[in-house]
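Quick notes on the structure that follows.
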Amino acid sequence: MKSCFCLLLLIFTAFLGLFAQEKADTIKYDWNPSVIGGGPVRGIDISYHSNSDFDVNSTSSLYGNGKGNIDHNRVFKTKLRFPVLIKEKLKVAGGFEYSDEEFHFKNIDGNKYPLYQSLNQKNLKSIGGNVYLMTQWKENRFFIFRFSARLKGDYWKEHIGDVNKYTFLKMELSPIIGWKVNPKKSWGVGIAYSYTFGDPLLFPVFVYNHSFADKWGIEAFLPARIKLRYQASKLCFINAKAKLNGGSYSIHFDDPELSDFKTLEFRRSDVNFSLEIEKGITDWLWTSVESGYRTNINFDVTNKNHALSLSGSKLTKEDNIIDSYAKGGMFFKFSVFIVPSKSLLKKVGIR
């Protein structure tokens with residue numbers, strides 16, 4: 001946690017230095033990282049994600065080996081993104097996010113393995129917000145800063161009412177410096193501190209957004225995600241995607257063996273390969289259907305809370321209480337979202 005706050009303070013200080021530059025550019029440059037031909041911007045997004053059944057195999061020096069089958073794993077999520085400040089050389093947006101994830105194990109009454117008993121039908125919640133800032137640095141260069149803070153876990157349970165809420169706090173941030181090459185291409189480099197790989201990890205990132213040919217484009221935030229898009233029509237996009245989905249929940253185990261720990265960290269990460277169709281009902285109301293294959297990276301329980309790693313689970317595996325391997329499988333996702341189009345803004349009296 002201290003490492004995260006120190007990094008945040010350092011980045012914020014550097015950001016203030018950008019504003020302290022006395023020499024202003026007198027020529028208007030196209031610095032906005034968005035490109036012509038990009039997909040719809042989601043202002044309000046409500047989604048339902050479901051994974052097909054999959055087996056889990058676990059090992060632990062405390063509990064021994066365990067096997068289970070998750071016949072249902074679903075995530076309900078709602079996100080809201082809104083503008084905070086819009087100026088010629090500065091754009092600030094805010095966001096709110098809430099999600100609820102649930103696991104259901106098959107034949108759980110006959111399986112007493114602690115991890116499966118603790119996860120079964122437990123609502124793992126995430127609630128929080130984020131800040132997204134973009135500013136022109138110089139000419140066609142831009143600076144982006146993303147910061148998010150969420151409470152993640154079973155913090156709503158009565159039996160952990162005496163646990164400090166900061167135990168469940170998970171923060172992520174990424175500063176990026178980029179260049180707008182032309183109206184159809186931008187790219188940038190930076191660093192990110194996030195739970196993308198399951199464990200809290202600081203890693204370099206490369207951002208690339210390019211619309212090529214007439215209807216094709218590519219968007220990348222490597223190593224976390226990459227998307228190849230095709231605009232079939234004005235209100236239809238077809239996307240081929242590869243994405244790392246990772247996160248960490250603070251959870252409670254009802255087990256005397258772990259009475260010294262009020263909460264533990266359940267960390268998981270997957271790589272998703274999928275095909276998505278985004279279809280506009282109107283220019284402001286859209287739906288999307290996505291389906292693909294998921295392969296697991298992490299599905300572990302650790303007592304290491306908010307520890308910063310520079311190389312992922314290799315440095316934190318020694319603190320795992322339970323190591324698990326979750327098999328891959330198919331997944332399905334359906335979304336309904338609102339795009340802040342010009343016609344919608346006129347309807348609400350903004351333009």
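Read-outs throughout are calculated quantities, based only on the coordinates presented, and are distinct from any laboratory measurement. Note that the coordinates shown come from a computational prediction; the quantities given were computed from them, not determined experimentally. When we count neighbours, we look across all protein chains shown, and the Cβ atoms used for this are built from the backbone with ideal geometry, even at glycine.
The Cα trace of segment 56-347 gives Rg and Dmax of 20.9, 65 Å, the first to one decimal, the second as a whole number. If contacts are Cα pairs under 8 angstrom and at least 6 residues apart, what is the relative contact order of segment 51-122 in percent? In percent, rounded to a whole number, it is 27. For the pair Arg74 and Val189, label points projected 7 Å from Cα toward Cβ lie 4.5 nm apart. Computed over segment 56-347, relative contact order equals 13 percent, with contacts defined as Cα pairs under 8 Å that lie 6+ residues apart.
Give me the base-10 log of I(q)/I(0) for segment 73-215 at each q in 0.20 Å⁻¹, Debye formula, one uniform scatterer per Cα, rounded to two decimals. Summing over Cα pairs of segment 73-215 leads to -1.28. Fewest-first ordering of Asp199, Asp71 by other beta carbons within 10 Å of each residue's beta carbon gives Asp71, Asp199. Rounded to the nearest 0.05, what FRET efficiency is calculated for Tyr325 and Lys215 with R0 set to 35 Å and r the Cβ-Cβ distance? The value I calculate is 0.30. The calculated FRET efficiency for Asp30 paired with Ile127, based on their beta-carbon distance and R0 = 41 Å, is about 0.65. Stretched out straight at 0.36 nm per residue, the stretch from Phe273 to Phe96 would grow longer than its current Cα-Cα span by 61.1 nm. Counting neighbouring beta carbons within 10 Å and listing from fewest to most, the residues His49, His104 come out as His104, His49. Annotation for Ile238 and Val84: the two label points, set 7 Å from Cα along the Cα-Cβ direction, are 3.9 nm apart.
Among Tyr132, Tyr155, Tyr325, the order by Cβ neighbours within 10 angstrom, fewest to most, reads Tyr325, Tyr132, Tyr155. Taking 0.36 nm per residue of sequence separation and removing the Cα-Cα distance, the Trp137/Asn57 pair yields an extension gain of 23.8 nm.
Label positions at Thr295 and Tyr208, each projected 7 Å from the Cα along the C-beta direction, are separated by 2.1 nm. Taking 21 Å as the limit for the C-alpha separation, the pairs Lys77/Lys122; Lys170/Lys227; Lys89/Lys180 exceed it in the case of Lys170/Lys227.
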